[in-house]
1. Quick check: at a probe of 1.4 Å, how many percent of the accessible area of the chain sits on carbon and sulfur atoms?
2. How high is the relative contact order of the chain? Use alpha-carbon pairs under 8 Å, at least six apart in sequence, and give a whole percent.
3. I'd like the accessible area for Ile34: 1.4 Å probe, protein heavy atoms, all chains in place, Å² to the nearest 10.
4. Tell me, what are the semi-axes, in whole angstrom and largest first, of the equivalent ellipsoid of the chain as set by the roots of 5 times the Cα gyration tensor eigenvalues?
5. Please go through the range 61-122 and write out the chymotrypsin sites (Phe, Trp or Tyr not before Pro) that DSSP classes as loop and that have at most 13 other C-beta atoms within 10 Å.
6. Show me, for the range 37-54, the HN-Hα J-couplings you get by feeding each phi into the Karplus relation (A = 6.51, B = -1.76, C = 1.60, θ = phi - 60°), rounded to Hz, glycine and proline as x.
7. Based on the Cβ-Cβ distance from Gln20 to Thr95, what FRET efficiency comes out when R0 is 30 Å, to the nearest 0.05?
8. Average projected area of the Cα convex hull of the range 1-77, in nm²?
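The values are calculated or read from the model by the stated rules, or taken from the named source; none is laboratory data. Please read these numbers as outputs of a predicted model, since none were measured by experiment. In this analysis, Cβ positions are derived from the backbone assuming ideal geometry, glycine residues included, and neighbour counts consider all displayed protein chains. Side chains are part of the model used for accessible areas, which takes the heavy atoms of the whole protein and leaves out ligands, DNA and RNA. Shrake-Rupley method; radii C 1.70, N 1.55, O 1.52, S 1.80 Å.
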Amino acid sequence: MDEPLEAPLRSEQDIVLARQLARSKAQEVGLSLIDQTKIVTAASELARNALLYGGGGTMSVRVVTNGMRRGLQLEFRDEGPGIPDLGLAMKDGWTSGNGLGMGLSGAKRLVNDFHIDTAAGSGTRVTITRWQ
Ligand SMILES: Nc1ncnc2c1ncn2[C@@H]1O[C@H](COP(=O)(O)OP(=O)(O)OP(=O)(O)O)[C@@H](O)[C@H]1O
Ligand SMILES: [Mg+2]
């Protein structure tokens with residue numbers, strides 16, 4: 001597998017740049033326009049969570065393959081407080097703050113694979129993939 005491209009998530013401007021990077025890689029992979037928009041929308045939510053709750057983090061971008069199929073895989077990681085109750089956090093409408101509580105659940109619906117690694121005190125890593 002190729003080395004991933006990395007983008008910092010430390011400010012609102014970084015989120016804009018992360019979205020642009022995800023969009024251009026999604027085009028390069030050959031995702032349809034609608035699938036590009038789906039993964040970019042999910043990326044936006046996860047990047048904002050890393051910034052807001054994780055105190056900033058990093059997005060890694062990688063092109064993956066499965067036989068003839070190509071996909072775009074994005075990983076968002078931070079070293080914040082982690083998510084103590086993932087079942088609750090994944091529920092539509094549940095927020096610990098002033099959000100809509102739709103970021104994680106919405107992002108999951110927009111991609112083909114969605115995986116979270118998190119625990120109280122050990123940061124959060126979310127990996128998403130959208131296949132061609
Ligand atoms: N990276 C993270 N680190 C710690 N907690 C997180 C992280 N991402 C999400 N959470 C927790 O999970 C909850 C649900 O996240 P989700 O993105 O679904 O909703 P939200 O951010 O509250 O609202 P919005 O709809 O605006 O995204 C958050 O309120 C927060 O408590
Ligand atoms: Mg959110």
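1. Result for the chain: 51 percent of the exposed heavy-atom area is carbon or sulfur.
2. Rounded, it is 27 percent for the chain.
3. Surface accessible to solvent at Ile34 totals approximately 110 Å².
4. Working: eigenvalues 111, 47, 38 Å².
Ellipsoid semi-axes (Å, largest first): 24, 15, 14.
5. Listed in order of number, the matching sites amount to none.
6. With coefficients 6.51, -1.76 and 1.60, one gets 5, 4, 6, 5, 5, 4, 4, 4, 5, 6, 5, 5, 4, 4, 6, 6, 9, x Hz.
7. On the way: r = 27 Å, r/R0 = 0.90.
Efficiency, from the Cβ-Cβ distance: 0.65.
8. Numbers: hull surface 19.0 nm².
Across all orientations, the range 1-77 yields a mean hull projection of 4.7 nm².
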